[in-house]
Structure formats: structure tokens, C-alpha cells
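Taking it in order: structure first as C-alpha cells, then the write-up.
Quick note: the coordinates plus some simple rules give every number you see, no bench work behind them. Only a predicted model underlies this, so the values are computations on that prediction, with no experimental measurement involved. Cβ atoms come from the backbone with ideal geometry, glycine included; neighbour counts cover every protein chain shown.
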């Protein structure tokens, strides 16, 4: 275990070995005479099992963060933050080495371990305390605790690591108590998966993606972070290392679609509550990213004392994108609100005002240059995608008003600006020489975000323009089965969600159902051994690149799977979208 | 005995004591939450424990201020430094006697000798409460000295 941040995703880690093997700290449970390992999740759960195949025996390591039902929490004191690890010898004899080396504050501080006897090993840092409990004693040696054990078939070791900022901390007993909590956790997850509504053919990847999203959710606020890590590189050995432990509004629309589409209404409600709370604090302007409690993300700084993952430096914490202008987020937030309203939810008067404020901001600022969806540090430009999402912001707001979900918006002004954006995109983002839309207005570069033109309903996926755009996009950005997001100066991997946008584009009518299915099945093969995706994929080796696991990729997977399933069953796709701009235009012409 | 003065300043001193303890916890000087310790004596529900504990802690502080008042009456005068001295003695009693004996009287607190069990899982305070942070003794002394000083400064001995 070489990465762990408590109590929040963006807290400083107690183990950061993934970013510095020597100084980062880790908690290692490893057998000697190891031949090979296999990993899997216990079915339909987030309980991980690692099978050690050793010369002389086999052992299973079970890792989990225990979960409990709400009524259990009322009856029993449980730690607020806990990891349980259990290693059990299943065959022969296995020698196990355990090393616990906490290094709080990104490895900057050597943990001061105190042996508390029967209570466990205590490490204080800042205002919190870590307690490691072990079913067999570990020996404290300076800044680490260590032991060797020989397990025979049927023997097991149990460990519990907790973190508390309130005293007294809860120190769970090991043995039967912990075994029951492992069982209860597996059951909790399986019951949670049992609520999932998805009838399509890709149930396995959809379930794993939903489970990954749930694990990236900060339960006290309902926020979902982009990824659980910082500075896992987009290029091994390179400087493209960013901190993703914050909540990007860009993920909002797909996240709401994923939760509502899968029947997770409570999760959709929690996420929308967080979204409305966080964005109301900065309205009518939106930030690009927020902390799990809706605060501004911290300033970006570099941790020069860490060597980085595979020497990929610098390691960064905080994110400088917080100061960027990215106009697409206005469309993302209002589209999320539209999906939510179309699913039967309503907004209070204050929330309506906040949403109208965002739409008005988009109406007044859509023509500005911005940093765009990919957050380059090279300065602003007139991005097609940003205009598309400003159009989406106005289009969804107009429809929310027409449906009676929002009152008091200046609809006529919004219709006028929506039309202006439409003409701007149609004329200036279209390159007639290339017969394609382009990433920036008046440019000739291709950008995978152009596939979103169909998703947001600006044009039908089957239109001539989208078909020719797609053909050029595949030609220029294709990387085997995968897609690059753009062709930039620095080499990086194929971008995970872009491949699922491509699948969804095909499912929405850009290709046949078989085209969409075949591509989905080929792309899903790039998942890791336990079904998870990072931000990017090396198209040559299949290696995961960038932060991990990545919510954006997994919501893209779910959305693509839902669109395929909806088309298979002849159901209306993307119900929040209603008609495309072209269909609206055609209807008006017929009416005229 | 001036009951009205006790009721008013006992209440005020308890408000200050509770606020300072919460503030010191918020500042990271100690992790100790007395309301949480007291509340978990009556319920295992974490949220309810904090609420119940807060009420009980408050009533307890108010009641204990009667002992301070009794001391002022027996001495025949009250001022801030007499109150502070009594507060110091009170704090030392809490640190040396109550903290050590707490696992014996708290139904959900583990003992350092036997470790946690299914029913007793709360971390014991240890010597001078230092399991709850090395500066816990300081925070207990500061809050109790201020408690006594306020009571001594404002309680009016007839």
C-alpha cells in the first residue's frame, strides 16, 4: 500500500511510496519465495483480493475500507477512517513479511511510532492520530514497524489501520469482530450493486465503473473527485504531472447521467446538492475545480523533495487550472441540472436564480477566448468546444423554462444569443477545405472534443458534417482502437474518455450498433487487471498513464454503455437533449 | 451563599470552558472532546453522543461550579486568582485521577492492559491524557484555570 490520504482525498498522504519509493512511506505485506500474484475484487464489491502463489504455498491478502449500514452506525462505535487487511494462508506454508512505515506529509516527516502494547502502534501527526492494530505483534524499529511470520494452511493475520482527529479514537478489535466486518462490507457493496439498473450486454464494466465512482465519492458532501492521486505522469519521466484530487465541474453532466441512468438516485441527489452548494458560493461565475467541501482548490506548488513516479518530476499538489477561464463548465452544470430536472427533480427559487445567473454569464461571455476543456498552460484561444457548451447552457436553460422547471430567465435574449452561437460555430468552426469542424475557430486542428457536438445535441451524429468530421478525426487522432485528444507538441497517451466519446458518437447514430459495440469491446480491453481505467493509455503498450482511477473515463464508459443499450432497446437516447439544433431549425421552418 | 450570582457566573464560566475546549481542539492543541467522551457513556451513536455529551458536560460544569462557590464562601472572599488556583487543582485532579481511572468507569473504553474488545473500543486517555495529544494537559489546565478565574472574578460573596 503506497498511497493513502486521510481524512480527505486531498489531505497529505501517510503513504506516498508511489511518488518516491525511498522516502514516501508504505505498508507492505509481502510473501517470500513469490512466484506470481493475481488480483481480483470480490464479486460486485470494492473488496480487493491479491492471491500470492509462492514456492511452498498460497496466501490471499484481502484489502478493504469497511462500510457499515446506517443502522449499524447507530448501534456501534466505528472508526471514521479505517483500512482492514487480512492475509490468510490457503495452502502449504507461506512466509510473510510485514513492514509498516508511515511518512506523513508527502514523506517529508518520519513517523514517530509509539508502541501502545495491546492497543496498537500509535503515530501522531498534526491534529490526527494513526493507530495500527495487528493480530500478531510488530516490532517498532525507528520510523517503521516490522515482523516476519510463517503461516500454515488455515492461519491468518489481521490488521486494522485507523485515523482519527477526534479523541478518543475508536480501536476496533481484531479476530471474529473484524471477520464479520469484512463479510458485512462485501454484503453492503453487493446490495449496493443490486440497486443498479442496466439491462445491456456490458454489465461487468458498467458495475466496476459504478463501484469506482462510488469510491471516488466523498461521502460527507457527495462530491466526486477526478481521481484519487496526484502526479501520476501522462508521460513516464515527463513533467505532465497534475493533482486530480479535486472536483471538476466538467464531469458534472456525465456524472449525473451515469447515476440517474443506472438508477442511483441517492447518489445523483447528493452530487447535485454538492454541485448547487459549491457553485452558489461563486455564482454567477464558476470555478473550474473545487475541493470536496466546495472551497477553491489550493494553489499549485511543486514538492521538489519527491522523486516522482518512475522519476517523473515535478510532483505537484494543488492545481493552477483553478485560475483559468473555461467556458464549457457553464454548459456542463446547466446540462447536469437539466438531466436532473427531466428526471422529475425540482429546484428551489434560489437554485433557479443561481442557474439563471450561470446561463446569463454564458450569454454575455461566450465570445471570449478561454483555456478550453484540456486546460493547456499555453494561453487562451477561441475553442469550438467552449462555444458548443455555451450554446448548451442557453439551450438547456431555455428548455428548462419552457418545461416550467425554471422561472424568471430572459428567454428571448437567450434565444437570440443561442442563435448567434449556432451561426458562429457553423461558420467559423467549420473548415470547408477540410470538410470538418476544427478544435478552434478558424483553425485546422482536430480535437476529440468535437465528438461532443452530437452528445450535446448541437448536430445529429448522422449529419453530413459530423460524419466527415468524424472521418477526419479518426484519421488524424486515431491510435489503433484508441484516440488521442489532440496532437500536441508533447507526446502523451491516448485519452481514455475520448474513446468512449467515440463509442457514444457511433451509438448515437454516427455508426451502426455493431460499430459501437465492437469499438466498446475493443476499448474495454485496455482496463487494468481489476477493471479500472486511468486518464490515459499508452496505445503501444496498453500501460495506464496519468492519475488513477479516473472518474472522467469511467463516467464516459457508463454513458457510452447506456447509449448503446438505449439504442438496442429502441429507447430514446439522452432524454435531456430533446432535439438537435438542426431538428429545431427544421421544425421552425416547417411551422413557418 | 449567593444563588443568583452562582447561577449566572457558573453558567458563564461553563460556557467559556466549553468554548475554550472546543477552540483548542479546533486549533489542533488536543484531539480530546470531553462531550464525546461523556456522550459515549450513554450511547454508541456518534452523532447523538456528541449532542448528549455536550448537554451533560454543560450541566456537569455548572454543578461543579458549586464546589468552587463553596470554597469561595468558606474562604470568605472570591477573586480571579483564588479561582485560578482552585481551577489548577481541579485540572490536576482531572489529569491525574480522572484520566487514569476513566477506562474503569467508561463502559465503552478499552483498557491499555487488555486492549479493545467488542464492547470496549475507545482509546483510553493514557498518562495525563497524552494519548489524545501531547499538549492535552496544557489545554485542560488552561481551560480550567480560566473557568476558575471567571468564577472567582465575578462571583459575589455576600
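Numbers for the structure displayed
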item: Gap separating the Cα centres of the stretch A:492-552 and the stretch A:83-132, nearest whole Å; result: 37
item: Chain A, relative contact order [Cα under 8 Å, separation at least 6], %; result: 12
item: Inter-site label distance for residue A:300 and residue A:541 at 7 Å from Cα along Cβ, in nm; result: 2.5
item: Residues A:390, A:405, A:89 arranged by fewest to most Cβ contacts within 10 Å; result: A:405, A:89, A:390
item: Simple spin-label estimate for residue A:462 and residue B:1 in nanometres, 7 Å along Cα-Cβ; result: 9.0
item: At 1.306 mPa s and 10 °C, Stokes diffusion of the stretch A:218-336 via Kirkwood alpha-carbon radius, µm² per second; result: 105
item: For q = 0.17, 0.23 Å⁻¹, Debye-computed log10 I/I(0) when each Cα of the stretch A:333-457 counts as one equal scatterer; result: -0.86, -1.29
item: Kirkwood-type radius of the stretch A:55-131, with distances r between different C-alpha atoms, in Å; result: 15.6
item: For the stretch A:459-562, diffusion coefficient by Stokes-Einstein and Kirkwood Rh (Cα), 37 °C, 0.692 mPa s, µm²/s; result: 238
item: Label-point gap, in nm, between residue A:323 and residue A:36 - each point 7 angstrom along Cα→Cβ; result: 5.1
item: C-alpha center-to-center spacing [the stretch B:1-40, the stretch B:98-137] in angstrom; result: 21
item: Estimated D of the stretch A:269-389 in µm² per second, where Rh is the Kirkwood radius over Cα pairs and Stokes-Einstein applies at 20 °C, 1.002 mPa s; result: 134
item: Ratio Rg/Rh [Cα only; Rh per Kirkwood] for the stretch A:39-172; result: 0.99
item: nm² value of the averaged projected area, convex hull over the Cα atoms of the stretch A:398-494; result: 8.1
item: Chain A: angle of helix A:328-342 to the longest principal axis, Cα-based, in degrees nearest 10; result: 90
item: Angstrom value of the Kirkwood radius, inverse mean 1/r, which spans all Cα pairs in chain B; result: 16.1
item: Cβ-derived FRET efficiency at R0 25 Å, residue A:60 paired with residue A:187, nearest 0.05; result: 0.85
item: Inter-part distance where the stretch A:175-237 and the stretch A:1-56 are each reduced to a Cα centre, Å; result: 16
item: Reciprocal of mean inverse Cα separation for chain A (Kirkwood radius, Å); result: 25.3
